[in-house]
1. Quick check on the exposure proxy: order 185, 271 from fewest to most C-beta atoms within 10 angstrom.
2. Between residue 269 and residue 22, what is the FRET efficiency for a Förster distance of 51 Å, r being their Cβ-Cβ separation, to the nearest 0.05?
3. Specify the inter-centroid distance of segment 179-217 and segment 30-69, based on alpha-carbon positions, in whole Å.
4. Using a Förster distance of 41 Å, how high is the FRET efficiency between residue 11 and residue 62, based on the Cβ-Cβ distance and rounded to 0.05?
5. What distance in nm separates the two pseudo spin-label positions at residue 261 and residue 205, each 7 Å out from Cα along the beta-carbon direction?
6. Under the 0.36 nm per residue contour assumption, what length would be gained going from the current alpha-carbon distance of residue 122 and residue 197 to full extension?
């Protein structure tokens, strides 16, 4: 049922995009075209979410040992880059049209913006239940609510054109929508690149994790510490753990305690822990020095 809701949300946003592009061309309204492209981004975002849900179900294989979880991040990178270019183009077009002052059909603007508002609210309703359990769908849900506000702005511009022939309001709304797209896209693009660069999750620090793990009584030191995001929801940890003399069962208990801290405090479910015995390391170092002499 969840996938069916996403398919409906994608379909209605694509139909709305086509209607707004045609209506924007007939009415001469750049604001309608800007809102159409914003709705196209909604459809693309929902499509990425749908594709990611399907691809993420594929099990890891010989070539993708972590599975296919990053497909959504790569799609988001492409989508956001294209959206930024579109927003910049709309700003360019708005500046050019400022000097042309072409007439605009206010009624077409108002009716199509009203249709867009209805579709945005319907899409939000379709994704509301799923948004409570998925951050990705929640982002799409919030995006649709913000689009509803943009549609209200376009309706206001169309009304002012009908009442006072204030054609400049169409360009002003276009610039506002473009600025909003740029602001939202650049922020999400930074987060996407951060994940692709295997950056540390924004809410933790490697030093903080090392300090927490060193509270385990048997642990003397941690080094070679790395923590990164596989995708939006999955994190990995790697570190070398220095302990005192211990048997194999004791080592397993220590690693179990360390993994429990990683999971409970830092939401890290995948970890690679390499255990090093302090006395053995010192003995090896001394043997190497003696052999060198």
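Coordinate-derived values only; no laboratory data. What you see is a predicted model, and the numbers here were worked out from it, not measured in a lab. Reconstructed Cβ throughout: ideal geometry from the backbone, glycine too, with neighbour counts over all protein chains shown.
1. 271, 185
2. Between residue 269 and residue 22 the formula returns 0.60.
3. Taking the Cα centre of segment 30-69 as reference, the centre of segment 179-217 is 21 Å away.
4. Calculated value: 0.65.
5. 1.7 nm
6. Contour length minus the Cα-Cα distance gives 23.4 nm.
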